[in-house]
1. How much accessible area per residue does the range 65-163 have, in Å², with a 1.4 Å probe?
2. Based on the alpha-carbon gyration tensor of the range 43-118 and its eigenvalue square roots a ≥ b ≥ c, which shape applies: rounded if a/c is under 1.5, prolate if not and a/b is larger than b/c, or oblate?
3. At 0.36 nm per residue, and after removing the present C-alpha to C-alpha distance, how many nm does the segment from GLN50 to THR160 gain when stretched out fully?
4. For the range 49-54, what does the Karplus curve 6.51 cos²θ - 1.76 cosθ + 1.60, with θ = phi - 60°, yield as ³J(HN,Hα) per residue in whole Hz, taken in order and with x for Gly and Pro?
5. ³J(HN,Hα) across the range 66-72 via Karplus (A = 6.51, B = -1.76, C = 1.60, θ = phi - 60°), whole Hz, x for Gly/Pro?
6. What distance in nm separates the simple spin-label points at ARG89 and TRP68, each placed 7 Å from Cα in the Cβ direction?
Amino acid sequence: MKRRQTLITLTIAAAAVAFILYVGLANWGGKAETVQASSIQLQELGSEQQVTVDFAEKPTVISLFTSWCTYCNEDAPKMAVLHEKYKDRLNLIGVNITNRDKLSEVRSYVERHNLSYPILLDRDGSVYSQYGGSGFPALYFVNKAGEVIDAIIGSTDLETLEGHFARLANAP
C-alpha cells in the first residue's frame, strides 16, 4: 500500500515538473502565447504612497512573496544581487502578499535581506490573484509591451534566475 502511494506521488510530481518545464521552455521558444500583464497600483512599503508600475519604462520582473515563506527567504539574497546587477536595464518590483503576512515582518524581511528595490503591499491579495495565485515566490517577467513572457513559481538557483533576468533584459 505504501509503495503504491509513493509511486502515485512520484508520478504526480514528475508530471507537474514536466508541465512546468514545458510551459517555461515554450514561453522562451516562442511556442506559447504571451499574456498581457495586469496593471499594478499598490501602496509602497517605505513611503506609503500609491505606486503604479509602468511596464513601458523598462522590462519588469514582478516578485510576489511573503516574509514567512522559506523559499522566499532563500531567494531574497539572490534577488538583491540580481537587482544590483540589472537595475539599469530592468525594473524589479517586490509585491508582498500582505493579507497573508504581518507588516512588521515584511519590514524585517526587507531590512534583513537588504532589499533596495520597491516593495509594494498587496493588502487584499488582488494582485496575487490576478497573476494566478499559484504559490510563492512567484516571478513574472514582463517585457516593455506589458506582456508576461515567462514565469517562475518556486525557488530556484541563482544561475537559473540570472538566465531569466538576462533574457528579459535582452528581449525586444
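The values are calculated or read from the model by the stated rules, or taken from the named source; none is laboratory data. None of these values were measured; they are calculated from a predicted model. Cβ placement follows ideal geometry from the backbone for every residue including glycine, while neighbour counts extend to all protein chains displayed. Each accessible area value is taken on the protein alone, full model and side chains, heavy atoms only, with ligands, DNA and RNA left out. Shrake-Rupley method; radii C 1.70, N 1.55, O 1.52, S 1.80 Å.
1. On the way: 4500 Å² over 99 residues.
In whole numbers, the range 65-163 has 45 Å² accessible per residue.
2. Details: a/c = 1.90, a/b = 1.27, b/c = 1.50.
In terms of gyration-tensor shape, oblate.
3. Details: separation 110, 0.36 × 110 = 39.60 nm, distance 3.22 nm.
So the chain would gain 36.4 nm between GLN50 and THR160.
4. Residue by residue, the range 49-54 yields 8, 6, 10, 10, 6, 9 Hz.
5. The phi angles translate into 10, 6, 8, 6, 4, 5, 4 Hz.
6. A separation of 3.8 nm, rounded to one decimal place.
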